[in-house]
1. Pick from Phe70, Phe172, Phe25: which is most flexible by mean-square fluctuation in a GNM of the chain where alpha carbon atoms under 10 Å apart are linked?
2. Search the structure for amide H atoms under 5 Å from the amide H of Leu229, placed 1.01 Å from N in the peptide plane, and list their residues when 5 or more places away or on another chain.
3. Per residue, how big is the convex hull around the C-alpha atoms of the stretch 81-174? Give it to me in cubic angstrom, could you?
4. Could you check the simple spin-label distance between Lys116 and Ser50, using points 7 Å along Cα→Cβ, in nm with one decimal?
5. Given the -39500 (n - 2.57) contribution per DSSP H run of 4+ residues, what per-residue ellipticity at 222 nm results for the chain, rounded to the nearest 500 deg cm²/dmol?
6. Using the beta-carbon distance between Thr143 and Val196 and R0 = 22 Å, what value does 1/(1 + (r/R0)^6) give for FRET efficiency, to the nearest 0.05?
7. Which residues among the stretch 191-213 fall inside the zone where the amide N is under 18 Å from a point 7 Å beyond the Cα of Glu15, along Cα→Cβ?
8. First measure r as the distance between the Cβ atoms of Arg73 and Ile131, then evaluate 1/(1 + (r/R0)^6) with R0 = 22 Å and state the FRET efficiency to the nearest 0.05.
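Please treat every number below as a calculation from the coordinates, not as lab data. If you're wondering where the values come from, they're calculated on a predicted model, not measured in any experiment. Neighbour counts are summed over all protein chains in view; Cβ atoms, including those assigned to glycine, are modelled from backbone coordinates with ideal geometry.
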Amino acid sequence: MRDICELYDILANSERTVAFTGAGFSVPSGIPDFRSAGGIYDGGDFMGHSPEYMLSHDCLESHPEEFYEFYRRNMICEDARPNAAHMLLAALEADGRLRSVVTQNIDGLHGDAGSKRVWELHGSVRRNYCINCGARYGLDAVTGTEGVPRCAGCGGMIRPDVVLYGEGLDTFTVEGAEADIAEADTLLVAGTSLTVYPAASLVYMFEGENLVLLNKSATGGDGIATLVLHEDIGEAAEELMRLFGY
């Protein structure tokens, strides 16, 4: 409780907070994370391949049918809704306390909660496009079809606008996130083990006053943080919502 109150004081007295969120942020919404017990990567291999390969650029190009079977099963959670942590960040932004959200997540829940300035480092399952003509599609182009989704205009393969293994991050998105982090006085890092690079490297570029880590387990950044909370994110967010009066 004392740590939550300390976090409240930091957020209440900061003028340019940026939140950096990872898979653990969406776990209270029913979306499994990747590396913990019971996570997506905890299920062994798939047709003799690792989950990392199944979510790779090479797999999409070489085995698109298998890629989409794995992708639909593991990466899309249509019933997921924003949890208290998403709602907290949206409320802080609306209140003028939060500059932006930088997220590794591709589920789109920050936007659903009402956050306006969101840098989606790894893209979003909500956005898809034809690799031939560039036509844009929503989520239903993938969820409403079977096998490899095809463009209604040219017949080309539709792919998700997400960063797969073997692909680089979008330059515009990274530069926007870097600029916000560089200007932040507080960086709240929540729900990430800080093991996914190059995204995690952005955290170590922060030079502001308060680096706060909120995660159930220890991370590689705990030693340099101003405040470390090994708490349930949903429960912590609910208490912060109460303290802020949201």
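1. Sorting by GNM fluctuation, first place goes to Phe172.
2. Long-range HN contacts for Leu229: Leu213, Leu214, Asn215.
3. On the way: hull volume 10.7 nm³, N = 94.
That works out to 114 Å³ per residue.
4. Those two pseudo-labels are separated by 4.2 nm.
5. Values: 9 runs with 78 residues, N = 246.
My calculation for the chain gives -9000 deg cm²/dmol from helical runs alone.
6. Values: r = 25 Å, r/R0 = 1.14.
Efficiency at R0 = 22 Å is approximately 0.30.
7. Hits in the stretch 191-213 for Glu15 at 18 Å: 207-211.
8. On the way: r = 22 Å, r/R0 = 0.99.
My answer for the efficiency is 0.50.
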